[in-house]
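Since the structure comes first, as structure tokens, the remarks are kept for the end.
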Amino acid sequence: MSENGFRNIRPAVLALEDGRTFRGRAFGAPVDAEGELVFNTAMTGYQEIVTDPSYRGQMVIMTYPHIGNYGTTPLDDESRGAWAEAFIVKELCRDYSNHRAGGDLGGYLKERGTPGIEGIDTRALTRHIREKGALKAVLSSGEPGWAALDDGTLDEGELREGVLDESALVARAQASAGLDGKDLVKDVTCEAAHSFGERKGRPLCVAYDLGAKRNIFEQLAERFDLEIVPARESAESVLARNPKAVFLSNGPGDPSALGYIVENVRKLLGRVPVTGICLGHQILGQALGGSTFKLKFGHHGANHPVQDKATKKVAITSQNHSFALEPSSLPSDVAVTHASLNDQTCEGLRSDTRRVFSVQYHPEACPGPHDARELFDEFYGFCVG
């Protein structure tokens, strides 16, 4: 609602654990949020990002300054809900323009209980994270009040005394739980085993849902008969289905906290081909005896260059992870097949003797380029022959 050049807005504060604060305007759901800050470099795909279960426990900063310009549609949902703890943008577009759209981003987030903040310097915030590393934060909003529509910031007087206590919010951020050692897969996995897509008598793939995106399963279902199982499904139950392949999906949180999944995957090794992406890649690496470590600020976006070490071919990939495999921890018969051209971290592994193959990035994109989508054909050929 606006009147004479003014809008009734809610002031908001984003408070970081190191004491830095950012003031802006609230949108989306009128609730507080806690999480670990990450930045995403994609220019589009904001709805797919919000509904990616890998963002459970994280507050997403979009580095592109103008977000929401093509609205939202159920066709772009990647899962059953919105998983990002909060959404942080420079400028929210309320007047969307797209024939597919059925609503605006602010209303979409409000319906799903996700808060947002706009009108802050996201460039400065991103640079801060690149220097300091991943930081815990709290987002809180105050009571609505009238402010000029073209005013990009909020003055001291517009933050009502006692409503948004910045020092208290910083203390909350410091006391909040981060991602380290946290099992978030249990929050996002499916409740029970089920089929996905039409059964056509093709080779069967059993996929562990660790927090998968819909388009990953759709790509698999184009090639396999597909059954989805929850994260705690036993190796014995999976093998009883007589699959030709086992797939480990993407998902959120710290891979070192998922020992129960690692143990089941370890029981599958040598008995059936195992492939995976993102968190599934990290789980597979641990099952092989490797270890993981936390990246300074992670890889989140749709423009990460990855090189195939054998062919030297470079693909621009979609990525979303805060942890990575330590290559030196892998056994000698497991080869690192792909590397990030940004920081040389492990982006893929393969072992023909152990019948395993995985990549760190999201080959289905959504959002992002389709450079790596051929990996699903490679998965099929590796598992089925």
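What follows is calculated from the coordinates using simple rules that are stated; it is not laboratory data. Everything quoted here is computed from the prediction, not taken from an experiment. All Cβ positions, glycine included, derive from the backbone under ideal geometry; neighbour counts span all protein chains shown.
Brief remarks follow.
- Taking every Cα-Cα distance in the chain and sorting them into 10 Å bins from zero, the calculated P(r) comes out as 5, 24, 32, 22, 12, 4, 1, 0 percent.
- Distance between modelled label sites at ARG100 and ASP377, nm, 7 Å Cα→Cβ extension: 2.4
- Using alpha-carbon coordinates, inclination of helix 259-268 to the longest axis of the chain, degrees: 30
- With each label modelled as a point 7 angstrom along the Cα→C-beta vector, the TYR260-ALA124 pair spans 4.5 nm.
- Projecting the Cα positions of VAL384, ILE277, LEU325 onto the charge dipole of the range 228-385 (unit charges on Cβ atoms of Lys, Arg, Asp and Glu, taken about the Cα centre) puts VAL384 furthest along the positive direction.
- Which of SER291, SER195, SER351 has the fewest Cβ neighbours within 10 Å, and the rest in rising order: SER195, SER291, SER351
- When Rg and Dmax are taken over the Cα atoms of the range 229-373, they come to 14.4, 42 Å.
- Computed extension length for ALA168-LEU295: 42.9 nm, one decimal, from 0.36 nm per residue of separation with the Cα-Cα distance subtracted.
- Of all DSSP-defined beta bridges confined to the chain, some 65% are antiparallel rather than parallel.
- FRET efficiency estimate (nearest 0.05) - Cβ-Cβ, ALA177 to ASP352, R0 51 angstrom: 0.80
- Against the main long axis of the alpha-carbon atoms of the chain, helix 122-132 sits at an angle near 60°.
- As a proxy for reagent exposure, ranking SER358, SER79 by other Cβ atoms within 10 Å from fewest up yields SER79, SER358.
- Here is how the number arises for the chain: DSSP H runs of 4 or more residues each give -39500 (n - 2.57), the sum is divided by the residue count, and the result at 222 nm is -5500 deg cm²/dmol.
- Under the simplified labelling scheme, the LYS309-VAL31 pair shows an inter-label distance of 4.4 nm, with each label point 7 Å from Cα along Cα→Cβ.
- Relative exposure of CYS93, CYS383, CYS278, judged by other C-beta atoms within 10 Å (fewest first): CYS93, CYS383, CYS278
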